[in-house]
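Worksheet: the structure to be examined is printed underneath.
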Amino acid sequence: MTFERGNEEKWTVGEILSAMAGTEHPRYIQKIVTQLQQWMEESLTSEAAEHDGDPLSALFDSVLEADGEKLFTQLEWVDDYADLLPNLKKPSGHEDAVVLNVGPTDFEDSLRMAIDYASLFNRKLCRRVWMISDTFIIGDVYRYISHIRALGSQGIAFRFLLVTPWGWTEIPLAADGTPGNRMIWNNRKGGAAPGEDERKRDDRLTR
């Protein structure tokens, strides 16, 4: 069943329920995740090719150190929807802020940047912070959990997305203020390894 909304767009029942529960991910966020996964895959592929003759040396090199500037150039369109951080230019000032933590970026620094931007630098406008990361360090999160809850009490939602080249999920950071069930793994569309049967991989996970 669908319902009409503005500009001839339609809501499905599932979308309405998801929006009510606060679990919906805007399309622009999903597009960022897709572009980030593509960048990660290109980085990993490049790393593997570079060490093709010496796989042992790859163990001592940091992966995902590909051109970060290229990634942020590809994400310039995000400025129409949200303030993208880190950034070389001053953010426009949106209700949404997106903080990327990928590659060699320090996780705690990114977490602190997200909190500071929402609570200090854009507190009059910010209503949602999306931290999108390839890393999750529970000790750092715990250190700032009171800050995240304080943001929630001020009406600023803090959403954390953990992304890999193969899929992504949302991790609730303050369970007592998190509506709905967000712990759902979203497989990357078309991201299965060549020649690998998706159903067999799923079967292995249930054993």
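The values are calculated or read from the model by the stated rules, or taken from the named source; none is laboratory data. In this text the structure is predicted, and so the values were computed from the model without any measurement. Please note: Cβ atoms are built from the backbone with ideal geometry, for glycine as well, and neighbour counts cover all protein chains shown. Just so you know, the surface numbers come from the protein's heavy atoms only, side chains and all, with ligands and any DNA or RNA stripped out. Shrake-Rupley method; radii C 1.70, N 1.55, O 1.52, S 1.80 Å.
Points worth noting:
- Of the residues making up segment 122-139, those that are of a type outside the set (S, T, N, Q) and part of a loop (DSSP other than H, G, I, E, B) are Arg123, Lys124, Leu125, Cys126, Arg127, Asp134, Phe136, Ile137.
- Tally of residues being aliphatic (A, V, I, L, M) and farther than 19 Å from Ile29 by Cα across segment 126-147: 4
Here is a yes/no grid of residues against (1) modelled with pLDDT of 95 or more; (2) over 30 Å from Asn187 (Cβ atoms); (3) in contact with a helix residue (DSSP H, G or I) (Cβ under 7 Å, 6 or more places away or on another chain); (4) of a type in the set (Asp, Glu):
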residue: Leu71; (1), (2), (3), (4): no, no, yes, no
residue: Val78; (1), (2), (3), (4): yes, no, yes, no
residue: Glu95; (1), (2), (3), (4): yes, no, no, yes
residue: Asp106; (1), (2), (3), (4): no, no, no, yes
residue: Lys124; (1), (2), (3), (4): no, yes, no, no
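- The conditions of being touching a Leu at 6+ places or on another chain (Cβ under 8 Å), open to solvent by less than 30 Å² (accessible area, probe 1.4 Å) and assigned to a helix (DSSP H, G or I) are met by Ala114.
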